[in-house]
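Just so it is clear, none of the values below were taken in a lab; they were calculated from the coordinates. Computed from a predicted structure; not experimentally measured. Note that we place each Cβ from the backbone using ideal geometry, even for glycine, and neighbour counts take in every protein chain shown.
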């Protein structure tokens, strides 16, 4: 039951993360720098989650001090590094290539568990990985927009390592520490890191208050900012951490591939970017790949019998 609930949380997290591209696109097309969007995204989300984060550990402050290392690593790797490296890759490559490189982090998780933890991937996991990666390439239109840059590729591979770190840190984090607390404090740290590197001029950090176009309507710039902060950050990270704890790094990372499907749907609804039949077929391959990995997980009796209910990890 916990695994089924974890998959549901992972899908919801993917849907929330998938909305980020459409919200961000309206700002980037209007002259915002990527890091400025990300900094506001995680900064506002951290402020929104601050109250719930502190309330969830009332009377148990030792949980925060005991997990300062995990919170700091997640803020540095899972929030700041992952997003900065991805956007640096986007600046040099097509979005499709950059996303495909970032999601190689899923493959890195399988390889790490095989080499370091001696968890050899089964045939279904290998087949599922292949199907999911081919489907991801089709959805992102990689083959029709091939554009390579060595520095961009290196940034993309760095984002893949950071993405793998996001899932490992989430899944291995202390289950006594509420997910809302870990995500809120980590995003606060991530926002500070992004503000510092932007303030030092290491990355461009600029925006404006001009109206933007979203869902074919002219709206205030505040609308996409709130959407990307509340939905694609605050809600997404809390659900993502809870899902990773319930499913483990490998399965949660595979389910996260559905994010690109939700991204396509949101782009269709909010930006009018209608998906092609080839992209739809790629989506089918991604779902098939995730299903194969899930079937293999069900065949392995290695999950603890007393696994916590995933919803409890949000605020417990």
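A few points about this structure:
- Amide N of segment 166-204 lying under 13 Å from the label point, which is placed 7 angstrom from the Cα of residue 60 along Cα→Cβ: 174-182
- Ordering of 214-222, 232-240, 102-110 by burial proxy (mean other Cβ atoms within 10 Å per residue, highest first): 232-240, 102-110, 214-222
- Gaussian network model of the chain, Cα within-10 Å springs - most flexible of 77, 203, 180: 203
- Max mean-square fluctuation residue, GNM over the chain, Cα-Cα springs under 10 Å, options 272, 59, 190: 59
- Modelled this way, with points 7 Å down the Cα-to-C-beta line, the labels at residue 119 and residue 150 are 3.7 nm from one another.
- Extension reserve of the residue 222-residue 29 stretch, reckoned as 0.36 nm per residue once the Cα distance is removed: 68.0 nm
- With Rh defined as the Kirkwood radius, the inverse of the mean 1/r over Cα pairs, the Rg/Rh of segment 2-315 is 0.95.
- Relative contact order (%) - the chain, alpha-carbon pairs under 8 angstrom, separation at least six: 40
- Helix-derived mean residue ellipticity, 222 nm - over the chain, DSSP H n ≥ 4, -39500 (n - 2.57), to 500: -21000 deg cm²/dmol
- Footprinting exposure proxy ranking of 187, 85, fewest other C-beta atoms within 10 angstrom first, gives 85, 187.
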